[in-house]
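S.K.: Following this message is one structure expressed as structure tokens.
Just so you know, all these numbers are worked out from the coordinates, no wet-lab data involved. Note that the structure is predicted; figures quoted are calculated from it, not measured. Glycine gets a Cβ as well: all are built from the backbone with ideal geometry, and neighbour counts include every protein chain shown.
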Amino acid sequence: MHQFHYRGDRLYCEAVRLESLAKRFGTPLYVYSHRTLVNHFQKLGRAMAPVDHLICYAVKSNSNQSVLRTLANLGSGFDIVSEGELHRVIQAGGDPRKCVFAGAGKTAAEIEFALRQKVYCLNAESEPELERINRIAARRKTIAPVAVRVNPNVAVDTHAKITTGTYEDKFGIAFDLIEGVYARAAKLKHLRLRGVQMHIGSQITKTGPFENAVRKMLPLVRRLTERHGLEFFSIGGGLGILYQFALVSGPAQWWRSAAARGIITPAAYAARLLPLLKPLGLRILLEPGRFISGNSGVLITRVEYVKRTGRKNFVIVDAAMNDLIRPAFYDAYHEIVPLTRRRSRMMKADVVGGVCESGDFFCKDRLLPHVAEGDYLALMSAGAYGFVMASNYNSRALTAEVLVRDRQAALVRERQPLKEIWAGERIAPWLQ
């Protein structure tokens with residue numbers, strides 16, 4: 001669900017009119033709903049309540065400090081993939097002892113820092129990584145808690161760039177090799193085999209792939225637990241969200257709309273997985289990111305020009321691919337709606353940014369309400385993999401971010417001053 005809705009003809013986030021935020025803070029502007037973040041976290045937690053579980057929010061989906069603090073206050077753990085993300089979690093008040101450190105390329109410095117902070121577990125993705133963790137732990141005279149990421153070789157219906165669970169992907173260790181890996185790791189004196197982990201991909205909108213992967217993993221998990229005394233089974237993240245939908249009036253209608261389209265819900269997810277997971281008697285870890293943050297945010301942009309070429313209409317806005325790269329990178333769909341609805345004819349147009357790339361677009365040949373220079377648009381479902389993937393390409397400043405809670409709105413990231421873009425650069429001495 002989400003907390004973006006029309007009151008009359010004005011688009012609101014919770015109880016705050018979005019146009020007022022655009023005028024107050026400027027555009028492009030990311031706006032997040034506190035209530036949506038809380039609701040999604042709690043709804044998943046309630047669905048999984050019949051088993052001992054820990055939700056580890058995937059920081060890479062949205063790492064704003066206020067987003068992390070919101071979830072830390074709810075008792076969330078965190079799925080991190082870099083030393084920088086661990087620093088962010090700690091700065092936001094998160095508990096490193098509830099952090100799982102994932103990623104295929106952990107450096108020695110990152111492993112060292114994670115052990116100093118006493119993270120819950122390091123999810124290793126290769127035997128050389130296990131050996132490196134063991135060496136670093138030995139040097140520190142400590143025991144490193146580890147799990148191995150299993151690649152279950154389960155194909156899913158998602159974009160090729162976000163599938164992670166087949167043998168064609170760089171992630172994890174092949175299912176058929178895992179028992180040997182655990183046997184060898186058990187001989188490394190400075191490792192504690194704490195659990196086992198899998199993750200099959202992102203933006204998965206059906207329950208079937210999750211059920212298939214868990215069913216495949218169960219016999220392996222039981223054998224590993226009997227031999228090595230494992231404490232947890234991490235089933236990863238990947239729960240998808242609804243990107244293409246009509247704005248509806250409230251949470252109940254939103255969930256019904258999602259269910260009617262066959263989109264995964266916490267209730268459906270739990271109904272399929274809990275009967276499989278409960279008999280294990282292990283703690284279950286989940287690592288959702290997009291499911292919690294995706295529909296919590298929008299990107300507001302201002303129309304700069306409407307360009308008609310005789311064959312095409314282009315709505316040129318002040319946001320661009322450097323602000324939200326998903327359409328250019330993944331051919332991703334984001335619903336685009338006006339902040340103020342008017343009764344007007346529809347127009348077919350491309351919504352594009354000002355970056356000097358033909359790939360700088362948010363949609364192509366889409367039917368949209370007629371817009372004019374100065375109008376504001378909202379790109380929906382931009383709370384995940386939006387700002388976190390932004391860049392300074394074309395020397396464009398990073399946008400501001402705002403968090404809304406009921407009638408309150410707080411600036412949680414200032415718009416980047418242009419001079420900061422090149423603040424760390426230096427002129428070579430021979431060019432002086």
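S.K.: So how much slack lies between Thr107 and Glu131, counting 0.36 nm per residue of separation and subtracting their Cα-Cα distance, in nm? If you can, show how the numbers build up before the last one.
M.R.: Details: separation 24, 0.36 × 24 = 8.64 nm, distance 1.26 nm.
Using 0.36 nm per residue and subtracting the Cα-Cα distance, I get 7.4 nm.
S.K.: Specify, per residue and in Å³, the volume enclosed by the convex hull of the alpha carbon atoms belonging to the stretch 90-129.
M.R.: Details: hull volume 2.7 nm³, N = 40.
Per residue, the Cα convex hull of the stretch 90-129 comes to 69 Å³.
S.K.: Shifting gears a bit: Compute the label zone of Glu304 within the stretch 13-36: residues whose backbone N is under 12 Å from the point 7 Å along Cα-to-Cβ.
M.R.: Of the residues in the stretch 13-36, 28 have backbone N under 12 Å from the label point off Glu304.
S.K.: Considering only DSSP beta bridges with both partners in the stretch 3-79, what is the antiparallel share in %, to the nearest 5?
M.R.: Values: 6 of 9 bridges.
Around 65 percent antiparallel, to the nearest 5.
S.K.: Here is a follow-up. Over the chain, what relative contact order in percent results from Cα pairs under 8 Å that are six or more residues apart?
M.R.: Numbers: 942 pairs, mean separation 88.1, N = 432.
RCO, the chain: 20 percent.
S.K.: To make sure I understand, if each residue's beta carbon is the centre and we count other beta carbons within 10 Å, what order do Thr205, Thr36, Thr107 fall in, fewest to most? Please report the intermediate quantities before stating the final value.
M.R.: On the way: Thr205 19, Thr36 24, Thr107 12.
Taking fewest neighbouring Cβ atoms as first place, the list is Thr107, Thr205, Thr36.
S.K.: For the stretch 295-417, treating each Cα as an identical point scatterer without solvent, what Debye log10 I(q)/I(0) comes out at q = 0.10, 0.13, 0.15 1/Å?
M.R.: Taking Cα atoms of the stretch 295-417 as identical point scatterers yields -0.30, -0.51, -0.69.
S.K.: Restricting to bridges with both residues inside the chain, how much of the DSSP beta-bridge set is antiparallel, in percent to the nearest 5?
M.R.: On the way: 35 of 73 bridges.
Just about 50 percent of them are antiparallel.
S.K.: Next up: What is the diffusion coefficient of the stretch 48-288 in µm²/s, taking the Kirkwood radius over Cα pairs and the Stokes-Einstein relation at 20 °C with a viscosity of 1.002 mPa s?
M.R.: Numbers: Rh = 18.5 Å.
The Stokes-Einstein estimate is 116 µm²/s.
S.K.: In this model, which of Lys60/Lys189; Lys43/Lys106; Lys60/Lys106; Lys106/Lys419; Lys43/Lys278 are farther than 23 Å apart at the alpha-carbon?
M.R.: Beyond 23 Å between Cα atoms: Lys60/Lys189; Lys43/Lys106; Lys106/Lys419.
S.K.: Further, regarding this structure: What is the extension gain from Ser20 to Arg97, computed as 0.36 nm multiplied by their sequence separation minus the C-alpha to C-alpha distance, in nm to one decimal?
M.R.: On the way: separation 77, 0.36 × 77 = 27.72 nm, distance 4.04 nm.
Full extension from Ser20 to Arg97 adds 23.7 nm.
S.K.: With 10 angstrom as the radius, rank Leu130, Leu398, Leu177 by how many other C-beta atoms surround their C-beta, starting from the fewest.
M.R.: On the way: Leu130 23, Leu398 20, Leu177 13.
Fewest to most other Cβ atoms nearby, the residues stand as Leu177, Leu398, Leu130.
S.K.: How long are the semi-axes of the ellipsoid equivalent to the stretch 14-81, from square roots of 5 times the Cα gyration tensor eigenvalues, in whole Å, largest first? Can you show the working numbers first?
M.R.: Numbers: eigenvalues 160, 42, 13 Å².
Working from the Cα gyration tensor, I get semi-axes of 28, 14, 8 Å.
S.K.: Compute the separation of the alpha-carbon centres of the stretch 324-374 and the stretch 27-100 and state it in Å as a whole number.
M.R.: Each part reduced to its Cα centre gives a spacing of 30 Å.
S.K.: Taking the number of other C-beta atoms within 10 Å as the exposure measure, put Cys121, Cys363, Cys356 in order starting with the fewest.
M.R.: On the way: Cys121 24, Cys363 19, Cys356 9.
Result, fewest neighbours first: Cys356, Cys363, Cys121.
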